[in-house]
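Just so you know, all these numbers are worked out from the coordinates, no wet-lab data involved. Values in this document were obtained by computation on a predicted structure and should not be read as measured data. Cβ: placed from backbone, ideal geometry, glycine included. Neighbour counts: every protein chain shown.
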Amino acid sequence: MGTIHSIDPATGTELATFQEDPDEAVENKLAAAAAALPQLGAAGWGGRAAWMRSAADILETEVEAVALMITKEMGKPIAQSKAEVLKSAHTMRFYADNAEQFLTGRTLDNPGAVNASTAGTRFDPLGVILAVMPWNYPIWQVVRFAAPALMAGNAGVLKHASNVPQSAIYLGELFTRAGFPKGAFATLLIGSARVADVIRDPRVAAVTLTGSEGAGRSIAATAGDVLKKAVLELGGSDPFIVMPSADINAAVDTAVKSRTANNGQACINAKRFIVHQDIYDEFTVKFANKMSSLIVGDPTDPATEVGPLATESGRREVTELVEDARLKGADIITGTSPGTHESGWFYTPTVVTGLTQEMRLWAEEAFGPVASVYRAADLDEALSIANGLEFGLGSAFWSTNDDEIDRAIREIEAGAVFINGMTISYAELPFGGIKRSGYGRELSMEGIREFCNLKTVWVA
């Protein structure tokens with residue numbers, strides 16, 4: 001078996017190493033997950049809700065230690081790590097409070113219409129669900145799957161990203177500590193090459209992935225081959241459209257936050273800023289000035305606004321995208337320096353203009369603090385640029401014109417449209433994309449129903 005390394009991206013130093021689970025350990029964890037299903041069912045809504053609230057209490061009690069673990073392992077600023085932990089605890093309580101209501105079936109008012117005395121629907125858990133999760137929100141991404149899955153009565157096994165093994169181990173123990181049956185949620189310390197075998201295991205009923213488009217294709221192909229349900233949340237290159245009637249200063253402030261949150265490493269970061277020509281110069285100057293004034297540095301320092309990228313390969317990929325655009329004629333109006341520190345995988349917040357379709361940055365997702373700014377002659381061109389890619393995750397539209405807003409809501413091709421704000425995931429709202437950004441939904445009522453069997457019930 002291989003070795004899994006936890007490396008501090010701010011310094012490039014190794015924090016810890018772990019051995020992959022041997023086949024016997026994986027077998028034992030899958031068997032334990034299957035064995036926990038009857039206990040999860042017997043606990044009922046009240047029992048599972050009590051355990052879930054206990055898990056939320058543990059997270060809140062340990063918020064300082066867990067946040068520091070996140071920051072040291074993948075580099076986000078410490079304040080954002082704390083917010084991630086608290087958001088996860090909120091989501092646990094949200095599903096503890098609402099799961100039963102979300103999964104209450106319906107009864108036909110007129111069962112005689114289908115020749116029955118009673119008829120309707122119910123929701124049943126599918127069984128053991130495999131979650132393949134990314135490093136960028138190492139606690140939140142997992143909890144937003146685990147909380148609804150466990151509350152529905154499913155068991156879960158987690159294959160986390162290889163660069164956040166400490167977070168993976170913590171999550172693998174959290175739910176058992178909170179009172180859930182042993183094995184109800186467990187971490188598999190395995191490499192990506194072993195994921196297909198887990199999907200094919202007959203005890204695994206379905207799989208969910210948040211990750212790259214390439215990973216999504218691989219997971220979907222394997223799940224499809226064995227006819228198992230899959231939910232995919234993949235990449236995004238979210239448009240952020242600004243029209244002349246918008247509050248320019250508010251739009252600029254939000255644009256900077258949306259582009260650089262999580263060090264620019266979120267699928268729903270705004271990445272393409274499409275600005276009406278009448279306000280293009282004003283917006284671009286203000287945007288570049290604010291991007292260049294951000295404090296880049298040690299992510300454990302509360303004053304830091306942008307930390308390092310999580311991996312050395314990630315910084316290399318962003319560097320290559322920007323350099324390709326520069327060589328093909330784009331203007332780098334702020335940024336351009338890959339590193340700002342003697343060590344670590346830092347990337348200076350960067351703003352690029354003058355993009356053309358020959359540049360990779362036009363069509364590819366930049367997973368780092370790099371903003372692409374586009375000039376649009378009118379709303380038609382702005383919407384055309386926004387919809388011109390095969391991604392369709394989130395979007396933001398800034399205007400005070402009701403007709404423009406109505407068009408944006410109808411015509412932007414994405415899983416979410418945020419008006420005069422930035423795309424954020426909330427437990428209370430469904431989250432997911434279309435086109436090459438994936439399929440299926442997480443969060444809210446729609447998310448908990450993804451891994452349930454909607455069963456029709458008919459009684460003579």
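Rounded, prolate or oblate: which fits the chain when a ≥ b ≥ c are the square roots of the eigenvalues of the alpha-carbon gyration tensor, with rounded for a/c under 1.5 and prolate only if a/b beats b/c? In terms of gyration-tensor shape, oblate.
Of the peptides 388-395, 178-185, the ranking by mean beta-carbon count within 10 Å, highest at the top, reads 388-395, 178-185. Give me the net charge for the shell around P308: Cβ to Cβ below 10 angstrom, other residues only, Lys and Arg +1, Asp and Glu -1. Neighbourhood net charge equals -1. Centroid-to-centroid, using Cα positions, segment 432-458 and segment 262-285 are 31 Å apart. Calculated mean residue ellipticity, 222 nm, the chain: -13000 deg cm²/dmol, from DSSP H runs (n ≥ 4) at -39500 (n - 2.57) each, averaged per residue and rounded to 500.
By its C-alpha gyration tensor, with a ≥ b ≥ c as the square roots of the eigenvalues, how is segment 299-454 shaped: rounded for a/c under 1.5, else prolate for a/b larger than b/c, else oblate? Oblate. A cut-off of 5 Å between modelled amide H atoms, ignoring neighbours fewer than 5 places along the same chain, links F418 with S395, A396, F397. In this structure, the amide hydrogen of F185, modeled 1.01 Å from its nitrogen in the peptide plane, lies closer than 5 angstrom to those of G156, counting only residues at least 5 positions away or on a different chain. Of all lysines in the structure, the ones whose alpha carbon falls short of 21 Å from that of K328, not counting any fewer than 8 places away in one chain, are K271. Backbone geometry of segment 390-396 corresponds, through the Karplus equation with coefficients 6.51, -1.76 and 1.60 at θ = phi - 60°, to 3J(HN,Hα) couplings of 8, 8, x, 9, x, 6, 9 Hz, x marking Gly and Pro. The phi-based Karplus calculation (6.51 cos²θ - 1.76 cosθ + 1.60; θ = phi - 60°) puts the 3J(HN,Hα) values of segment 228-238 at 10, 4, 9, 10, 10, 10, 10, x, x, 10, 5 Hz, whole numbers, x for Gly and Pro. Inter-part distance, segment 1-79 to segment 210-242, computed on C-alpha centroids, equals 23 Å. Taking Lys and Arg as +1 and Asp and Glu as -1, the other residues whose beta-carbon sits under 12 Å from that of V132 total +1.
Only the Cβ atoms of Lys and Arg (+1) and of Asp and Glu (-1) were treated as charged; on that basis the dipole of the chain about its Cα centre amounts to roughly 1240 debye.
Any idea what the relative contact order of the chain is, in percent, if you count C-alpha pairs under 8 Å spaced at least 6 apart?
Taking the mean separation of contacting Cα pairs over the length of the chain, I get 19 percent.
Each label was represented as a point 7 Å from its Cα along the Cα-to-Cβ direction; for M445 and T104 these points are 1.1 nm apart.
Counting Lys +1, Arg +1, Asp -1, Glu -1, what net charge surrounds V457 among other residues with beta carbon under 14 Å of its beta carbon?
Result for the local shell: +2.
The fraction of Cα-Cα pairs per 5 angstrom bin, counted from 0 for segment 364-410, comes to 5, 15, 28, 28, 15, 8, 2 percent, rounded to whole percents.
So which of K29/K182; K257/K435; K159/K229; K229/K435; K76/K286 end up more than 21 Å apart, counting from Cα to Cα? Going by Cα-Cα distance, K257/K435; K76/K286 fall outside the 21 Å limit. Placing +1 on the Cβ of every Lys and Arg and -1 on the Cβ of every Asp and Glu, with no other charges, gives segment 238-419 a dipole of roughly 400 debye about its Cα centre. Centre-to-centre, using Cα atoms only, segment 293-335 and segment 92-169 are separated by 37 Å. For segment 238-419, the relative contact order works out to 29 percent when only alpha carbon pairs closer than 8 Å and six or more residues apart are counted. How much of the DSSP bridge set in the chain is antiparallel, in percent, rounded to the nearest 5? Antiparallel bridges make up about 35 percent of those DSSP assigns within the chain.
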